[in-house]
Amino acid sequence: MSTHLKLTPMGGVGEIGSNMFIFEDDECGFIIDCGILFPSDNCFNINYLIPNFYGIKKDKIKDIIITHGHEDHIGAIAHLIEFHPDITVHCNGFAYELIKTKIKDFNHKVFKYTETMKIGNFEIDPIHVNHSIPDTFGLSISYNEYNFFYCSDFKVDFDSPYEKPFDFEKLKKLQQGKTTVGMIDSTNILSQRKTLSEKVVLEDIEKVFEDFKDNRLFITCFSSNVHRLKSFFDVAKKYKRNIILSGRSIHKYTEIAKKLGYVDNIRIYDEDFDNITKKNNLIIISGCQGDFFSSLRRLSSNEHSRIKLNENDKVVFSSKTIPGNEKSVNRIKNNITELGADVITNSEYPFIHASGHPGQEDLKILNKKINFDHYIPIHGESYFIKKHVEFIEDPYQDKLKYLLY
Ligand SMILES: [Zn+2]
């Protein structure tokens, strides 16, 4: 049996995005994820960056496993397949459907939750974790006496109305008798709190609907946040609002969510159905990050071909602004205000958005449930990784009492 195990981060460590990791020994190996990274402002005319594939030994690495369908985990797969046409993509659920929208024909295997993937000397089992897109998995990777838990994006949500809790029990069983290594998401390490449950967000969304019964409502979120879309649909049904979708990405994710049964067969009205007298309309609109080509940007600039804002409208941001996008998002908020409509954010409704990543209280729960023998922070800029190391090394962390929601 091979003894030289090598773990190589190809992206996503020291940066946020372009997540890609290689596990390999002398005989065989596999890749985890293959995402894109959106460049900083000084990268002119570059739409996105991809990992450097030239470190991949094509003769022994013939498989890639996908943890979930976010662009920073699947966005560069078409480029990888171009570089390495023989590679097999192991994926499941939402990620599989999203990859199919990018690449028509590719070598793939749809993995089952109950089955172990065997690649060379590695045994890999998917572990359900909570996140902001359905079908997100951590990977339990058994190799000789070791068990690695590659926990890509996740949070711990015991109360979500839309997905099961983190499957700690399955992971614990797989780790029995092994030396355990946690490889854990650092994206939200600066938050000392427990990341909010989608249940709490749902309650705040209901408050918005209750408070603005007589106003036409616009609401925006990350289009891939299917649990959030489901909240909008459920509350719209309760308050008898007509649902209109505006924006290609919102349509795409809703269609896949319907196909996979995450969203009921709801009635969606065409954008032409809207006019300023229809106060009971809910327009779910894409563009919460200020993208110039988005539907929300066009609406805020009075350039939307079918819908116009007026002074009775409320535009709700069920999202946070990703660092770097502040200028574009603020421009949209200013433009909406100048058209006479109100912008509603977490300033008015503090729980209108929840992160999909673990705050320090989520990490404490994980570390209490799974007492890792070794720990490797992944996913995050260098500063985040260092903060994660300090957090784990803090011998007093159990005694600290952080604010809990
Ligand atoms: Zn993600």
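Kindly list the number of the only condition in (1) open to solvent by 20 Å² or more (accessible area, probe 1.4 Å); (2) touching a residue at least 40 places away in the same chain (Cβ under 8 Å); (3) closer than 19 Å to Val343 by Cα that fails for Glu206. Of (1) open to solvent by 20 Å² or more (accessible area, probe 1.4 Å); (2) touching a residue at least 40 places away in the same chain (Cβ under 8 Å); (3) closer than 19 Å to Val343 by Cα, only one is false for Glu206: (2).
Residues of the stretch 361-385 that are touching a Leu at 6+ places or on another chain (Cβ under 7 Å) and of a type in the set (Val, Ile, Thr): Ile370 alone.
Could you tell me which residue of the stretch 294-306 is nearest to Glu271 (Cα to Cα), considering only residues that are outside any helix (DSSP H, G or I) and at pLDDT 90 or above? Only one residue tops the list, namely His304. In the stretch 358-370, the count of residues that are within 16 Å of the ligand (Cβ to nearest atom), under 26 Å from the mean Cα position of the chain (by Cα) and in a loop (DSSP other than H, G, I, E, B) is one or more.
Of the residues making up the stretch 1-34, those that are within 19 Å of Cys91 (Cα to Cα), outside any loop (DSSP other than H, G, I, E, B) and within 17 Å of the chain's Cα centre (by Cα) number 2.
Between residues in the stretch 163-181 that are within 19 Å of Leu363 (Cα to Cα) and residues that are open to solvent by 40 Å² or more (accessible area, probe 1.4 Å) and part of a loop (DSSP other than H, G, I, E, B), which pairs lie under 6 Å by C-beta distance while being six or more apart or on different chains? Hits for this filter: Pro165/Phe158; Thr180/Asp373.
Restricting attention to the stretch 86-113, the residues that are within 16 Å of the ligand (Cβ to nearest atom) and open to solvent by less than 20 Å² (accessible area, probe 1.4 Å) add up to 6. Do we have Pro39 as without any contact (Cβ under 8 Å) to a residue 12 or more places away in the chain, more than 18 Å from Ser140 (Cβ to Cβ) and open to solvent by less than 40 Å² (accessible area, probe 1.4 Å) here? Yes; evaluated as a whole, the condition is true for this residue. Looking at Thr136, Thr116, just one residue is at pLDDT 95 or above, over 16 Å from Ile61 (Cα atoms), buried (at least 17 other Cβ atoms within 10 Å of the Cβ) and polar (S, T, N, Q), and that residue is Thr136.
Looking only at residues in the stretch 152-170 that are surrounded by 24 or more Cβ atoms within 10 Å (Cβ to Cβ) and at pLDDT 95 or above, the one that is nearest to the ligand (Cβ to nearest atom) is Asp153.
Comparison of Phe53, Phe83 shows that the only residue that is open to solvent by less than 30 Å² (accessible area, probe 1.4 Å) and more than 23 Å from the chain's Cα centre (by Cα) is Phe53. Checked against the criterion of being of a type in the set (S, T, N, Q) and in a helix (DSSP H, G or I), the candidates Thr114, Thr101, Thr67 yield just one match: Thr101. Among residues of the stretch 133-153 that are without any contact (Cβ under 8 Å) to a residue 40 or more places away in the chain, those with a beta-carbon under 9 Å from a residue that is within 16 Å of the ligand (Cβ to nearest atom) at least six positions away or on a different chain give the pairs Ser140/Pro126; Ser140/Ile127; Ser140/Tyr150.
The values are calculated or read from the model by the stated rules, or taken from the named source; none is laboratory data. The structure presented is a predicted model; accordingly, all values stated were derived computationally and were not measured. A quick note on method: Cβ atoms are made from the backbone with ideal geometry, for glycine too, and the neighbour counts reach across all protein chains shown. Surface accessibility is based on the protein's heavy atoms, side chains included, excluding ligands, DNA and RNA. Shrake-Rupley method; radii C 1.70, N 1.55, O 1.52, S 1.80 Å.
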